[in-house]
Amino acid sequence: MKGKRTRDKSVIYINGKFYGRDRAGISVFDHGLLYGDGVFEGIRVYNSRIFKLKEHIDRLYESANTLMLRIPISKSQMIADVLKTVKKNDSCTYIRLVITRGVGTLGLNPFLCPKPSIIIIADRIQLYPTSFYKKGLKVITVPTQRNRPEALNPRVKSLNYLNNILAKIEAVNSGFHEAIMLNSYGFVSECTGDNIFIVKNGILLTPSLYMGVLEGVTRNTVIELAKEDNIEVKQIVMSRHDIFNADECFLTGTAAEIVPVVECDKRIIGNGQPGPMTKKLIRLYKNLTNTIGM
Ligand code: PXG
């Protein structure tokens with residue numbers, strides 16, 4: 001390793017102060033660790049500009065509000081602190097913003113945690129290989145159902161991702177990269193870290209929020225881009241049958257952006273290749289991320 005180690009100058013924000021990578025840590029009594037009690041956001045940076053920051057911050061505060069987790073700084077202070085962290089990590093492409101319940105007792109009671117912790121990491125993200133975008137992904141549906149909104153609403157982007165992690169394990173165990181999760185009624189909800197869309201007869205379709213899905217920032221952006229391009233968009237009750245017989249299918253997420261899906265549960269979707277509307281939306285999305293702040 002001698003002489004090979006590159007000096008990592010990245011700094012991590014914790015509660016208003018900056019720490020080097022090796023020194024950035026939180027207490028083992030933090031309920032974020034003990035119970036997965038907290039919320040987070042993953043945000044992209046394109047050409048040193050933060051993509052959809054306001055939308056991510058709004059969702060973060062909504063998730064926290066549902067968990068009765070009072071973030072100790074205002075939204076505008078949070079935005080200022082995110083910008084400061086990005087500035088200090090000039091080659092970053094991805095921000096992970098984490099709010100934990102903070103330090104408490106070994107008991108569950110969140111009201112005994114006086115101060116939530118705020119963590120901002122501005123780093124890089126491992127993207128899917130380019131072949132996935134060219135050839136499309138093959139996915140499967142898995143036994144683990146998406147959390148029921150009545151129990152823990154998937155609209156809360158919480159630190160407890162075990163539901164999605166179990167589904168990911170099932171996909172990987174079967175030799176696939178991504179899983180489609182169904183809700184407790186057997187309808188399609190979303191993937192482990194992405195929303196899902198299909199195209200049928202020129203109409204863009206995605207499961208409605210009532211099916212139990214995260215309201216993805218990328219999902220909303222794609223819906224907007226499609227509408228601007230006069231594409232009809234519907235939020236529906238989607239079944240596996242709809243996916244098997246779709247003309248096109250793709251997933252959306254901050255990290256993945258738009259990734260085509262060409263097979264589900266061994267059924268070939270459309271002609272087995274990324275479709276024209278998927279390709280068009282990928283182009284429009286690329287154009288948007290390339291030109292933000294210009
Ligand atoms: N659904 C779920 C369950 C997610 O976790 C999305 C949809 C897409 O949302 P956005 O707002 O990003 O368009 C997510 C995204 C990962 C990973 O490694 C994914 C997410 C967060 C962290 C990591 O795939 N969330």
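Label zone of L33 (point 7 Å out along Cα→Cβ, amide N under 19 Å): in segment 79-100 this covers 97-100. Let's test the formula: R0 of 30 Å, r as the Cβ-Cβ distance of K280 and N153. What FRET efficiency results, to the nearest 0.05? E between K280 and N153, to the nearest 0.05, is 0.40.
Can you give me the relative contact order of the chain as a percent, contacts being Cα pairs under 8 Å and 6 or more apart? Intermediate results must be reported in sequence, preceding the final value.
Details: 582 pairs, mean separation 49.2, N = 294.
Taking the mean separation of contacting Cα pairs over the length of the chain, I get 17 percent.
Solvent exposure of the chain amounts to 52 Å² per residue of accessible area, where only protein heavy atoms count and the probe is 1.4 Å. The Cα atoms of segment 167-270 cover 40, 25, 25 Å along the three principal axes, with the biggest extent listed first. Accessible surface of the chain, 1.4 Å probe: 54 percent of it comes from carbon and sulfur atoms. Under the rule of -39500 (n - 2.57) per DSSP H run of 4 or more residues, summed and divided by the residues of the chain, what mean residue ellipticity at 222 nm is obtained, to the nearest 500 deg cm²/dmol? Here the helix-only value at 222 nm equals -8500 deg cm²/dmol.
Overall, the chain carries a charge dipole of about 1160 debye about its Cα centre when +1 sits on the Cβ of Lys and Arg and -1 on the Cβ of Asp and Glu, all other atoms neutral. Each peptide in 258-267, 123-132 was scored by the mean count of other Cβ atoms within 10 Å over its residues; highest first, the order is 258-267, 123-132.
For Cα pairs less than 8 Å apart in space and 6+ apart in sequence, what is the mean separation divided by the residue count of segment 1-132, i.e. the relative contact order in percent?
Relative contact order of segment 1-132: 32 percent.
Taking Lys and Arg as +1 and Asp and Glu as -1, the other residues whose beta-carbon sits under 13 Å from that of G202 total -1.
Place the peptides 225-235, 112-122, 152-162 in order of packing, highest mean first, counting for every residue the other Cβ atoms within 10 Å and averaging per peptide.
Taking the mean over residues of other Cβ atoms within 10 Å, the ranking is 112-122, 152-162, 225-235.
Highest average first, the peptides 18-25, 171-178 ordered by how many other beta carbon atoms sit within 10 Å of their residues are 171-178, 18-25. Scanning residues 5 or more positions from T141 or on other chains, those with amide H under 5 Å from its amide H are I180, D265, with H placed 1.01 Å from N in the peptide plane. Counting only Cβ charges, +1 for Lys and Arg and -1 for Asp and Glu, the dipole size of segment 2-123 around its Cα centre is about 660 debye. One way to sum up the overall shape of the chain is the equivalent ellipsoid from its Cα gyration tensor, whose semi-axes run 33, 23, 19 Å, largest first. Among complete DSSP H helices in the chain, those whose alpha-carbon atoms stretch at least 15 Å along the helix's long axis and whose mean Kyte-Doolittle hydropathy reaches -0.5 are 75-88, 162-173, 217-228. Given their separation in residues at 0.36 nm each and the Cα-Cα distance between them, V237 and E62 gain 60.5 nm when the chain is fully extended. Using alpha carbon centroids, what distance separates segment 262-292 and segment 97-115, in Å? Segment 262-292 and segment 97-115 have Cα centres separated by 42 Å. The calculated Kirkwood hydrodynamic radius for segment 2-123 is 15.1 Å, given to one decimal from all distinct C-alpha pairs. The stretch between Y210 and I169 holds 12.2 nm of extra length on full extension. This uses 0.36 nm per residue minus the Cα-Cα distance.
The values are calculated or read from the model by the stated rules, or taken from the named source; none is laboratory data. Everything numeric here is computed off the predicted structure, so don't read it as measured data. Reconstructed Cβ throughout: ideal geometry from the backbone, glycine too, with neighbour counts over all protein chains shown. Note: accessible area is taken over every heavy atom of the protein model, side chains too, but ligands, DNA and RNA are not part of it. Shrake-Rupley method; radii C 1.70, N 1.55, O 1.52, S 1.80 Å.
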